[in-house]
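These notes are about the structure you will find just below.
Nothing in this text is a laboratory measurement; each read-out follows from the coordinates by a stated rule. Note that the structure is a prediction, hence the values are computed from the model and not measured. FYI the Cβ positions are ideal-geometry reconstructions off the backbone, even for glycines, and counts take in every protein chain you see.
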Amino acid sequence: MEQSGLMRIGAIVLAAGLARRMGRSKLDLQLNGKPVLAHVLHAVGEAELPFLVVTGAHAEVTRRIAGDALLVDAADHLEGLGASLRSGVMAVPGDWDGLLVVLGDMPFVQPATFRALAGALASGAEAVVPVQDGRWGNPAGFSRAHFAALAKLGGDSGARVLLRRIGATELAVEDEGIHRDIDVAADLPGAELQ
């Protein structure tokens, strides 16, 4: 993505969770012949965003799928989503002016959605969240001004409270993928377990 001016927006792909409801890594569930996480990374790449991948519970699976991507190990991933996000934010390259928090189990988000969210940040939004059918979805985006607050998150809470406090810009999208994650095998009809 041609990022406006000197603004550089990247993505933190969170792939550190335990997948308790699945009972195994869900990142390597096969969707159209590719692992779920590979679909996420491909969409971020298609949006031409630099990214890093946060690993944790199933690090070996994540490493295999992510290949030569920049990997960050969340040593405290057992604390939950907030802890994994904190690890990612602390590893963000110094030239990123904003970031998208991308969930590794959401393979249906379209590259155009990533581009639009990054564009909103590059155009000056402090925080941005996609909205489809009147509901907030993922991923959310934050300007560098909020990296310190993101790095203070902990436990199993994501950044929704921070988004509300900032007064996130709502970006209307026609992408149902912003609401669709994979928690159990039934969320992915026809998925092949490897």
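One table, with the values for the structure above:
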quantity: In nm, spacing of pseudo-spin labels at D68 and V161 (7 Å Cα→C-beta vector); calculated: 4.1
quantity: Long-range amide H partners of D73 with built H, under 5 Å; calculated: T55
quantity: Neighbour-count ranking [beta-carbon atoms within 10 angstrom, fewest first] of D68, D76; calculated: D68, D76
quantity: Gain in span if fully extended, A91 to H42, counting 0.36 nm per residue against the direct Cα distance; calculated: 15.5 nm
quantity: Rounded to 5, the percent of DSSP beta bridges in region 9-181 classed as antiparallel; calculated: 35
quantity: Neighbour-count ranking [beta-carbon atoms within 10 angstrom, fewest first] of L31, L150; calculated: L31, L150
quantity: Relative exposure of L14, L52, judged by other C-beta atoms within 10 Å (fewest first); calculated: L52, L14
